[in-house]
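The values are calculated or read from the model by the stated rules, or taken from the named source; none is laboratory data. What you are looking at is a predicted structure, and each value in this text was computed from that prediction instead of being measured. Glycine gets a Cβ as well: all are built from the backbone with ideal geometry, and neighbour counts include every protein chain shown. Heavy atoms of the whole protein, side chains included, go into the accessibility calculation; ligands, DNA and RNA do not. Shrake-Rupley method; radii C 1.70, N 1.55, O 1.52, S 1.80 Å.
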Amino acid sequence: MTRPRIALLDPSENENTQRNFRRELDADLAEFAVRDDVPDTFAFDGAVVPGSRASVYWDEPWIDPLVEWVGTAVERGLPVLGVCFGHQVLAAALGGTVEDMGSYEIGYRDVEVGDDPLFAGVESPATVFTTHSDTVTELPPGAEQIAANDYGVHGFRVGHAVGVQFHPEYDPATAREVTRGKDLSDERIDRVLDGITEGNYAAACEAKTLFANFTDSVREVRNGGESTTRSGEAAGD
């Protein structure tokens, strides 16, 4: 069976992004720097939108075309995974609301994950690395919340489209680099850096299972299946 072809719509301008997603996704990636242009086609088996320093509500010329492309992809039934900023792009594209939290969540945190096919094999609460100051304050119409913690929504699903606020793709080097680049107090940055340990990273690796679950769902949709679960298991409503 051929590997799925997935569009990686990268808004990050960070070389770690491509490296991390190439490692985690068992797929052939068509990579696009979407600050320059979005794809002129939807001829992919799925799409992934990673994180960015941008906010989806900023007035920058590349954001609206990306949001529009994602919305059209979902309408066409393309499986889409949004991560952090991508999660917020997906929410905005489908009619949800994204706002500034007025605070910052960063570091390894616990997130409650629901009984959703994306999290098959992931125990709740899951240990994940987070870094964001925006959040989805209103889910899109018809969306189901599938992950959350005390900072708010950390995951939702609409059909074959799913978003997660946290960063399952991060390795420790990326987590350290991102943390050092934040405009936060030295004390808080040092506290987060102290928490980037082998033990916390090992715990967070369980959440990486969602990438295999997503690519499994991409294969099922490509092959004409209706299930979004791994190994053809029935989803409970």
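Choose one answer from Thr131, Thr41, Thr17: the residue with the largest mean-square fluctuation in a GNM of the chain with alpha-carbon springs under 10 Å.
Thr41
Mind jotting down the distance between the C-alpha centroids of the stretch 54-82 and the stretch 97-167, whole Å?
With the stretch 97-167 and the stretch 54-82 each reduced to a Cα centre, they are spaced 18 Å.
With charges set only on the Cβ (+1 for Lys and Arg, -1 for Asp and Glu), what does the dipole of the chain come to about its Cα centre, in debye to the nearest 20?
540 debye
How would Cys205, Cys84 rank on accessible area, largest to smallest, probe 1.4 Å?
The most accessible residue leads, giving Cys205, Cys84.
At 25 °C and a viscosity of 0.890 mPa s, what translational diffusion coefficient does Stokes-Einstein give for the stretch 1-51, taking Rh as the Kirkwood radius over Cα pairs? Give it in µm²/s as a whole number.
219 µm²/s
Hey, in the GNM for the chain with a 10 angstrom Cα cutoff, which one of Asp183, Asp150, Asp100 fluctuates hardest?
Of the options given, Asp183 has the highest mean-square fluctuation.
So what are the radius of gyration and Dmax for the Cα set of the stretch 100-237, in Å?
16.0, 52
How much of the accessible area of the chain, in percent, comes from carbon and sulfur atoms when a 1.4 Å probe is used?
Carbon and sulfur together cover 43 percent of it.
Would you mind telling me which residue in Arg35, Arg222, Arg191 has the biggest mean-square fluctuation in a Gaussian network model of the chain, where springs connect alpha carbons within a distance under 10 angstrom?
Arg191
Mind checking the per residue accessible area of the chain for me, 1.4 Å probe, whole number of Å²?
Per-residue value: 45 Å².
P(r) for the chain, please, calculated from all Cα pair distances in 10 Å bins and given in %.
8, 35, 40, 16, 2, 0
Cα convex hull of the stretch 163-204: mean projected area in nm², to one decimal?
3.3 nm²
Looking at Gly199, Asn223, Gly51, which one has the Cα that reaches farthest to the positive end of the dipole of the chain (charges on Cβ: Lys, Arg +1; Asp, Glu -1)?
Asn223
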